[in-house]
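Colleague: Sharing a structure, written as structure tokens. Questions coming.
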Amino acid sequence: MSVAKPLPHDAAPLHVTGQARYIDDIPVPANTLHLAFGLSERAHAKVTVLDLGPVRAAPGVVAVIGPDDLSPMPDCSPSIHDEPLLAMGEVHYAGHPMFIVVAESHLAARRAARLAMVTYEDLPALITIEQALAANSHFEGGPVTWQIGDAAAAIAGAPRVLKGSIEIGGQEHFYLEGQAALVLPQEGGDMVVHSSTQHPTEIQHKVSEALGLPMNAVRVEVRRMGGGFGGKESQGNHLAVACAVAARATGRPCKMRYDRDDDMMITGKRHAFRIDYHVGHDDRGRILGVEFLQLAQCGWSADLSLPVCDRAMLHADNAYLIENMRIESHRLRTNTQSATAYRGFGGPQGMLGIERVLDHVAFAVGREPLEVRRANFYGEAGGQPPDPRDISAQKKQQVTPYRMPVEDFILHGLTARLEESSAYLARKAEVARWNAANDVLKKGIALTPVKFGISFTLTWLNQAGALVHVYQDGSVHLNHGGTEMGQGLFQKVAQVAASGFGIGVERVKITATDTGKVPNTSATAASSGSDLNGMAVKAACDTLRGRLAEFLAERHQVSPAEVLFEGGRVAVGGAEYGFDEVIAMAYQARISLSATGFYATPKITWDRVKGQGRPFFYFAYGAAVSEVVIDRLTGENRILRCDILHDAGASLNPAIDMGQIEGGYVQGAGWLTTEELVWDDRGRLRTHAPSTYKIPACSDRPRVFNVALWEGANREETVYRSKAVGEPPFMLGISALMALSDAVAACGDGTVYPDLQAPATPERILAAVKRVRGD
Amino acid sequence: MSHDLTLTINGTRQQIALDDPRVTLLDLLRERLHLTGTKKGCDRGQCGACTVLIDGRRQNACLALALSHDGAEITTIEGLAEGDTLHPVQAAFVAEDGMQCGYCTPGQVMSAVGLIAEGRAGTDPERIREGMSGNLCRCAAYSGITRAVLAAAEEMTTTKGERKTA
Ligand code: FES
Ligand code: FES
């Protein structure tokens, strides 16, 4: 069987020879035009004069499209229609697109885009969370609150209480391939769009809406992206829509790609948060009640902020059974880039809130943090799910703060295994010895768990389709709604198809995602790609195999169940054929060799207004131990070692899953350490290039890095009992921040909590060191 | 005014006339010669996606003005394999799956070829990681990348003399 094999990425030979094509590599027709946006320099202002004359006169410029040239103005929002393609009279952030330059070359377009004469009349700009909160600048009219039990009473009655707050920075996606789109006009006004997007159907929808065409007049194709991480879920809309509008206006193919600076100035990033907490606990560190105030910097438009903030609330418990919890979530409108999806989709921020609480409580009660975490864990899943008819079992059933039963909890076993394999306690003692002997370099170590909910919280998005053809020669052509951005989805899905027919994966051709082949797809997001599309492909293959089995069974007078597909052969009633022979026979017998497949995730129900239900099909789990060292005089730091044990269910492809886990950890640790977004007080992003925004490099990876997969199948019936693996490992990076907190604590006498803020840059580490030392 | 230069690109000598003296080697390769294997990640010398070999040394093509390399020998990712036979570094990147999205991969491969030729990293993983730090990988496929460079370095030192190194 092809599933479960550690095969490399399907396109690996193309990547190493430079043949793999991204949007910017597609050969374009000679008359292609190139687009660039003219950007606002102010964070919030009225545009009193927008003189595009000098832009029009610039060399190479073919057309300039300003706000007055489009009526109605196309919308680029993925949610509530609040994102006009171009600013209309008022700019809402520094970097806001104001007009489109259409030119003979990319360079000419960019040069001309700088030439507009703009007069602004500044308006008050809300740049920070605090400013937005003070101005009561909310989406949804005000905060959203969900609760279980009575947190205030539990805290009031608790033996001990504490309060704290953590600032959590945002994060630039820094997909190595910037945003790009290419639109080719077709006969009759139809459009073909190539877009670097995680959401082809959304591009199709937005382009057709912009042009006033039905969706069937627009076809979107995506072969691959050079990284997405959520940043290409909605942020590609503007480029595709701009190209479509320009292509219609000029009748020529139009292409747009953002240069790195423009990409960072224009597009949304991970939401920055501030999370305040008020906790009641006992002397052992058992948490009795928590109140969270989650403040999110959403930027100027809604984009996906609402579901992102919901997911932050849905992960405020992480791995801990807390019977009294109140979460108040403020979705704050600011004059900054519109924050968007980013790997984990709010989950990491919510989870960091409770991990911070655990760290703080453990410090306050002076107990080993892992023990305190364990004391608060959900109960371990037994062998069987509880019998729903048994009323006492129902009463005892443990639920999350949003009342979803936790039936698959494995973190007791998983952390015990990791504790042992990483020699956590022995190393903890070693770290203490080191710290006693060294005054300048201080070490820290921490183990943190992850419990991450898998499914889209918008229930209807949990569906997928697939289209499978088998050609006369037995080769298989596979299409599904998921997009490939390096996560290995195509490889996994091809393995599923190959297993379905009992053939080698080399006989399966994976083709570009195409809205003309599989319609109405959901974004490849929420880690759901292989869960949804794998199942849809499996359904299509099952249909085809069923037809073939029935055909052969009839010929050989056996039951279809006795027809076996394996090793490229098909065995039936003592006879054996090659798979391609069977296909040739079936073709001549006029059997249809093409099928669609469809899948809708079962069991999920969710009432987002009440904050109650089962938003997730299942949870994915994992844990990491990070060991770090800091220089208490400079704040410099390194991750010395990381040990991870992660649950991918029965892995579809262990090699690809290990890559996702390592990559996720490194990106998560980057978010919490070196990656800092800085806006100046006029709202201009100062870190808009890799010179100032630092993502982890090869040498930043932990020197010792041990990653292992937890062996255990998914309890739920997912594709071959695997689990989603795109997002959950990202949150393993939280262990790096907690280890840094531990190292900072070692600089003091143990009476002052480090209160380390994120990202823990050298400056913030130094501030925390000062705090604990009382200097 | 046109500016003439001669470059040997992947073994083929080419006369090139540029209309603009400011064209970078990267734009020359990608936009005029349609060699799109070399990627543009930042266009300002900070990500390594555009790494090529200029006279055998690895360089960021986005920082190199084409005109200033008149007469040079350029090797790009397209010129590394010999026919269907992958260069040992390419083969190692496939074997170790040293990639996710693949966008940084051509740059990583070229940088690794250069690093091995420099002969300073040897087979010490720590020095390889240091030597590869100019090539960012947002997918953080760094484990696979390091393993691939290590494997290729080992293979190329043991088979030295039998095969050219770049
Ligand atoms: S594109 Fe040349 S270093 Fe980034
Ligand atoms: S593989 Fe995606 S950037 Fe390196």
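The values are calculated or read from the model by the stated rules, or taken from the named source; none is laboratory data. The shown structure was predicted, so the numbers you read here are calculated from the model rather than taken from an experiment. So basically every Cβ, Gly included, is an ideal-geometry build from the backbone, and we count neighbours across all protein chains shown. Keep in mind that these areas ignore ligands, DNA and RNA; they rest on the heavy atoms of the full protein, side chains included. Shrake-Rupley method; radii C 1.70, N 1.55, O 1.52, S 1.80 Å.
Colleague: What is the residue count in the range A:1-56 for residues that are touching a residue at least 40 places away in the same chain (Cβ under 8 Å), within 9 Å of chain B (Cβ to nearest Cβ) and surrounded by 15 or more Cβ atoms within 10 Å (Cβ to Cβ)?
Modeller: Total meeting the criteria: 9.
Colleague: Can I ask one more? Using beta carbons and a limit of 7 Å, which pairs, at least six apart or on different chains, have the first residue in the range B:46-62 and among the acidic types (Asp, Glu) and the second one more than 11 Å from ligand 1 (Cβ to nearest atom)?
Modeller: Here the result reads B:55/B:72; B:55/B:73, each pair linking the range B:46-62 to a residue that is more than 11 Å from ligand 1 (Cβ to nearest atom).
Colleague: Here is a further query. Given (1) surrounded by fewer than 24 Cβ atoms within 10 Å (Cβ to Cβ); (2) farther than 30 Å from residue A:264 by Cβ, where does residue B:36 come up short, assuming only one miss?
Modeller: (2)
Colleague: Which residues, taken from the range B:45-56, are open to solvent by 30 Å² or more (accessible area, probe 1.4 Å) and either more than 15 Å from ligand 1 (Cβ to nearest atom) or touching a Lys or Arg at 6+ places or on another chain (Cβ under 7 Å) (or both)?
Modeller: B:55, B:56
Colleague: For the range A:557-577, name all the residues that are open to solvent by less than 50 Å² (accessible area, probe 1.4 Å) and touching a strand residue (DSSP E or B) at 6+ places or on another chain (Cβ under 6 Å).
Modeller: Answer for the range A:557-577, where residues must be open to solvent by less than 50 Å² (accessible area, probe 1.4 Å) and touching a strand residue (DSSP E or B) at 6+ places or on another chain (Cβ under 6 Å): A:563, A:570, A:571, A:577.
Colleague: Among the residues that make up the range B:91-109, is at least one of them among the hydrophobic types (A, V, I, L, M, F, W, C), out of contact with any helix residue (DSSP H, G or I) (no Cβ under 8 Å at 6 or more places or on another chain), free of Cβ contacts under 8 Å to residues at least 40 places away in the same chain and not assigned by TED's automatic domain parsing to the domain that holds residue B:32?
Modeller: Yes, the range B:91-109 has at least one match.
Colleague: A further question on this structure: Can you tell me which residue is nearest to ligand 1 (Cβ to nearest atom) among those in the range B:113-139 that are out of contact with any strand residue (DSSP E or B) (no Cβ under 9 Å at 6 or more places or on another chain) and touching a residue at least 40 places away in the same chain (Cβ under 8 Å)?
Modeller: Only one residue tops the list, namely B:136.
Colleague: Now, a different point. So is residue B:26 closer than 25 Å to residue A:255 by Cα, open to solvent by 40 Å² or more (accessible area, probe 1.4 Å) and either more than 16 Å from ligand 2 (Cβ to nearest atom) or in contact (Cβ under 8 Å) with a residue 40 or more places away in the chain (or both) or not?
Modeller: no
Colleague: Mind checking whether some residue in the range A:234-241 is part of a strand (DSSP E or B), open to solvent by 10 Å² or more (accessible area, probe 1.4 Å) and either in contact with a strand residue (DSSP E or B) (Cβ under 6 Å, 6 or more places away or on another chain) or at negative phi (or both)?
Modeller: no
Colleague: Among the residues of the range A:709-735, write down those that are in contact with a helix residue (DSSP H, G or I) (Cβ under 7 Å, 6 or more places away or on another chain) and either within 13 Å of chain B (Cβ to nearest Cβ) or without any contact (Cβ under 8 Å) to a residue 60 or more places away in the chain (or both).
Modeller: A:725, A:726, A:729, A:730, A:732, A:733
Colleague: What pairs can you find where one residue is in the range A:221-234 and within 13 Å of residue A:268 (Cβ to Cβ) and of a type in the set (D, E, K, R), the other is modelled with pLDDT under 95 and away from ligand 1 (no atom under 16 Å from the Cβ), and their Cβ atoms are less than 6 Å apart, with a gap of 6+ or different chains?
Modeller: What qualifies is A:233/A:523; A:233/A:525.
Colleague: Which residues, counting only those in the range A:301-330, are surrounded by 24 or more Cβ atoms within 10 Å (Cβ to Cβ) and more than 26 Å from residue A:153 (Cα to Cα)?
Modeller: A:301, A:303, A:304, A:305, A:308
Colleague: Considering only residues that are out of contact with any helix residue (DSSP H, G or I) (no Cβ under 6 Å at 6 or more places or on another chain) and within 16 Å of ligand 2 (Cβ to nearest atom), which ones fall in the range A:173-201?
Modeller: A:173, A:174, A:175, A:176, A:177, A:198
Colleague: If I filter the range B:57-99 down to residues being crowded, with 18+ Cβ neighbours inside 10 Å and in contact with a His (Cβ under 7 Å, 6 or more places away or on another chain), which single residue comes out as farthest from the other protein chains (Cβ to nearest Cβ)?
Modeller: Among those residues, the one meeting the criterion is B:67.
Colleague: Right, another one. Take the residues of the range A:673-687 that are touching a Leu at 6+ places or on another chain (Cβ under 8 Å) and within 14 Å of chain B (Cβ to nearest Cβ): which is farthest from residue A:491 (Cα to Cα)?
Modeller: The extreme case among them is A:687.
Colleague: Restricting the search to the range B:14-38, which residues are touching a strand residue (DSSP E or B) at 6+ places or on another chain (Cβ under 9 Å) and within 16 Å of ligand 1 (Cβ to nearest atom)?
Modeller: Correct list: B:22, B:23, B:24, B:25, B:26, B:28, B:29, B:35, B:38.
Colleague: OK, next. Report yes if some residue within the range A:276-285 is within 24 Å of residue A:330 (Cβ to Cβ), in a strand (DSSP E or B) and of a type in the set (A, V, I, L, M); otherwise report no.
Modeller: Yes - at least one qualifying residue is present in the range A:276-285.
Colleague: Hey, another quick one. Could you check residue B:112 against (1) within 9 Å of another protein chain (Cβ to nearest Cβ); (2) crowded, with 24+ Cβ neighbours inside 10 Å; (3) not basic (Lys, Arg) and say which number it fails?
Modeller: Every condition holds for residue B:112 apart from (1).
Colleague: Select from the range A:664-697 the residues that are closer than 19 Å to residue A:258 by Cβ, within 16 Å of ligand 2 (Cβ to nearest atom) and open to solvent by 10 Å² or more (accessible area, probe 1.4 Å) and list them in ascending order.
Modeller: Correct list: A:695 only.
Results for (1) of a type in the set (Phe, Trp, Tyr); (2) farther than 30 Å from residue B:154 by Cα; (3) modelled with pLDDT of 95 or more, shown as yes or no for each residue.
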site	(1), (2), (3)
B:3	no, yes, no
B:15	no, yes, yes
B:47	no, no, yes
B:55	no, no, yes
B:59	no, no, yes
B:64	no, yes, yes
B:70	no, yes, yes
B:74	no, no, yes
B:88	no, no, yes
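Colleague: Yes or no: residue B:157 among the polar types (S, T, N, Q), more than 16 Å from ligand 2 (Cβ to nearest atom) and open to solvent by less than 10 Å² (accessible area, probe 1.4 Å)?
Modeller: Answer is no for this residue.
Colleague: Based on what the data block shows, is residue B:73 more than 16 Å from ligand 1 (Cβ to nearest atom) and assigned by TED's automatic domain parsing to the domain that holds residue B:148?
Modeller: Answer is no for this residue.
Colleague: Now for a separate question. Give the range A:597-622 a look and list any residue that's in a strand (DSSP E or B) and within 15 Å of residue A:408 (Cβ to Cβ), or say none.
Modeller: A:614, A:618, A:619, A:620, A:621, A:622
Colleague: Only one of A:593, A:640 is within 14 Å of another protein chain (Cβ to nearest Cβ) and either open to solvent by 10 Å² or more (accessible area, probe 1.4 Å) or of a type outside the set (A, V, I, L, M, F, W, C) (or both). Can you tell me which?
Modeller: Just one listed residue meets the conditions, A:640.
Colleague: Now for a different question. Just to be sure, is residue B:134 of a type in the set (Gly, Ala, Ser), closer than 30 Å to residue B:16 by Cα, open to solvent by 20 Å² or more (accessible area, probe 1.4 Å) and at pLDDT 95 or above?
Modeller: Taking the combined requirement at face value, the residue satisfies it.
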